[in-house]
Amino acid sequence: MTALEGVLESALYAGDLDAAEAFYGSVLGLERVSRAGDRHVFFRCGAGMVLIFNPRETEKAPPEGALPVPAHGSRGPGHLCFRVDRSQMDAVVVRLTSAGVAIESDLLWPNGARSFYFRDPAGNSLECGEARLWNIEQDGTHAQA
């Protein structure tokens, strides 16, 4: 049995934190938890966190006296999938398209789960999908086969 219970945080990278903050806060409606200058902006998403880092800043060693978080960073678009109940998916699509966000793909997977894809201002590939896409119950537990 594993001690890992789930994903606590997911990180994406964006060079323009102002655009990222506006997108994730205003367009997606996530709660902003903190922002540290041009280094990062953090959002709450359900029981987890979405961390948006500026790679130019996080690739550097932490400044003297800062928490000893190792340097990290990524270039190019990443991917993150948000869990959305099927009954709310159409409302999310309307919210996105009303904000000028293009839906790149909206599909039904072989197991019948629906998901759709779009991009944030940094070009990261975002997806909204039903929990059953990965055989997960709405409460976060794994469904029995």
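The set of residues in segment 117-130 being farther than 13 Å from Pro77 by Cα and either in a loop (DSSP other than H, G, I, E, B) or touching a Gly at 6+ places or on another chain (Cβ under 8 Å) (or both) consists of Glu130 alone.
Just a yes or no: is a residue in segment 68-75 closer than 24 Å to Arg114 by Cα, of a type outside the set (S, T, N, Q) and outside any strand (DSSP E or B)? Looking for residues that are closer than 24 Å to Arg114 by Cα, of a type outside the set (S, T, N, Q) and outside any strand (DSSP E or B), one finds none in segment 68-75, hence no.
Per-residue answers, yes or no, for (1) surrounded by 14 or more Cβ atoms within 10 Å (Cβ to Cβ); (2) within 19 Å of Tyr24 (Cβ to Cβ); (3) at pLDDT 95 or above; (4) of a type outside the set (Lys, Arg):
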| residue | (1), (2), (3), (4) |
| --- | --- |
| Ala71 | no, no, no, yes |
| Leu96 | yes, yes, yes, yes |
| Ala99 | no, yes, yes, yes |
| Ile103 | yes, yes, yes, yes |
| Phe118 | yes, yes, yes, yes |
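From Phe43, Phe23, Phe82, grab the single residue that is touching a Leu at 6+ places or on another chain (Cβ under 6 Å) and either in a loop (DSSP other than H, G, I, E, B) or crowded, with 17+ Cβ neighbours inside 10 Å (or both). The conditions single out Phe43. Scoring Gly29 on the criteria (1) over 20 Å from Glu137 (Cα atoms); (2) surrounded by 14 or more Cβ atoms within 10 Å (Cβ to Cβ); (3) in contact (Cβ under 8 Å) with a residue 24 or more places away in the chain leaves a single failure, condition (2). Return the residues of segment 126-135 that are surrounded by fewer than 16 Cβ atoms within 10 Å (Cβ to Cβ) and in contact (Cβ under 8 Å) with a residue 24 or more places away in the chain; say none if nothing qualifies. Answer for segment 126-135, where residues must be surrounded by fewer than 16 Cβ atoms within 10 Å (Cβ to Cβ) and in contact (Cβ under 8 Å) with a residue 24 or more places away in the chain: just Asn135. In the set Tyr13, Tyr24, only one residue is over 26 Å from Asp90 (Cβ atoms), of a type outside the set (S, T, N, Q) and touching a residue at least 40 places away in the same chain (Cβ under 8 Å); that residue is Tyr13. The set of residues in segment 105-116 being of a type outside the set (Lys, Arg) and either exposed (fewer than 14 other Cβ atoms within 10 Å of the Cβ) or farther than 22 Å from Ala11 by Cα (or both) consists of Ser105, Asp106, Leu107, Leu108, Trp109, Pro110, Asn111, Gly112, Ala113.
Restrict the check to segment 74-93 and report whether at least one residue is touching a strand residue (DSSP E or B) at 6+ places or on another chain (Cβ under 6 Å) and either on the phi > 0 side of the Ramachandran plot or of a type in the set (Ser, Thr, Tyr) (or both). Within segment 74-93, one or more residues are touching a strand residue (DSSP E or B) at 6+ places or on another chain (Cβ under 6 Å) and either on the phi > 0 side of the Ramachandran plot or of a type in the set (Ser, Thr, Tyr) (or both). In the set Val33, Val92, only one residue is of a type in the set (Val, Ile, Thr), in a helix (DSSP H, G or I) and under 16 Å from the mean Cα position of the chain (by Cα); that residue is Val92.
The values are calculated or read from the model by the stated rules, or taken from the named source; none is laboratory data. For clarity, every value in this text was computed on a predicted model and none was experimentally measured. Methodologically, a virtual Cβ is constructed for each residue, glycine included, from the backbone with ideal geometry; neighbour enumeration extends over all protein chains shown.
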